[in-house]
Amino acid sequence: MKNQDQTSGDEGKISGISLKRKSEIVFTKWQTEKKNLPQIADELNLPIAEVQEILTKEQKLRFPLFT
Amino acid sequence: MRTDTVTVRMLSLSNGKLGYFCRTPADESRKRENSEPVQISQPGLHLKRNVETRQDVALSDLQESNDLPGLNRSGFFIDSTWPLFVSSENRGRPPVQKDTDDEFHDSDIDIFALFNAVDGIMRNGFLDVSELDKYSPADAEALNVPRLKEIWKHTTTGCDKCRDIIEALQNVRGAVKDVADIAEQNDGREHTVDRIKHSF
């Protein structure tokens with residue numbers, strides 16, 4: 001059984017996980033792995049617009065003083 | 001029966017200044033003359049009447065007195081030079097001005113989206129807008145590149161808030177990289193020290 005917190009090895013797809021966890025993964029890839037939007041979208045097999053939306057929301061959530 | 005003349009001193013706050021006037025029995029009798037019996041069947045009317053009659057008495061005091069109030073004269077003192085604090089234009093807290101640039105700083109597509117779309121790459125002190133042209137037509141449409149370019153134009157106006165957000169995002173991303181670099185350097189140093197120790 002696949003761990004829900006990990007990306008699936010076959011397709012690189014994150015499925016069946018909560019939006020919160022998905023947001024954490026996207027943010028980690030952006031912050032610590034220094035991946036850009038197309039790279040994150042490719043790795044997670046997500047539409048680039050969705051990655052963009054998740055990332056910006058997560059940034060504002062983590063750093064509310066910016067806004 | 002013995003009767004004494006009683007002077008009642010009342011305080012009045014008028015236009016932000018504390019004034020006072022004295023009420024004598026003559027005033028009270030005038031007030032009673034002005035007062036009309038109030039029917040209880042009209043709810044709230046007695047309160048309205050009471051206010052009106054008090055105002056009438058005060059007004060008549062002013063009209064009858066030709067001398068200005070001073071140290072030895074009672075009455076209202078109205079300083080017309082004082083600003084009128086309570087007016088129809090200036091009642092309560094001033095309305096909060098909405099930041100018209102919020103659409104650039106906190107909306108669905110804003111400075112955060114632009115920063116992420118160009119991956120924080122800077123050119124000539126601004127985010128590198130040419131990075132947006134590297135997207136495929138489909139991705140460009142999905143990311144709404146025309147709107148991102150409008151936001152980029154706004155950043156070139158010297159918006160302090162945009163600059164702060166860009167700086168902060170770069171620091172957030174850079175801080176982690178710095179820590180990782182230091183950790184790697186420390187690991188390398190320890191390995192070197194170990195090698196030196198083993199060589200002796």
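All of the numbers you see were taken from the coordinates with simple rules; none came from a lab. Only a predicted model underlies this, so the values are computations on that prediction, with no experimental measurement involved. Positions of Cβ are backbone-derived with ideal geometry, glycine not excepted, and every protein chain shown enters the neighbour counts.
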*Residues of segment B:143-167 satisfying the condition of being surrounded by 14 or more Cβ atoms within 10 Å (Cβ to Cβ), within 14 Å of chain A (Cβ to nearest Cβ) and farther than 20 Å from A:I40 by Cα*: B:R147, B:I151, B:C159, B:K161, B:C162, B:R163, B:D164, B:I165, B:I166
*For B:A140, work out the one condition from (1) within 9 Å of chain A (Cβ to nearest Cβ); (2) within 19 Å of A:D42 (Cβ to Cβ) it doesn't fulfil.*
(1)
*Only listed residue being away from every other protein chain (no Cβ under 13 Å), outside any loop (DSSP other than H, G, I, E, B) and of a type in the set (A, V, I, L, M), chosen from A:I25, A:I40*: A:I25
*Between residues in segment B:99-128 that are in a helix (DSSP H, G or I) and residues that are acidic (D, E), which pairs lie under 7 Å by C-beta distance while being six or more apart or on different chains?*
B:F104/B:D110
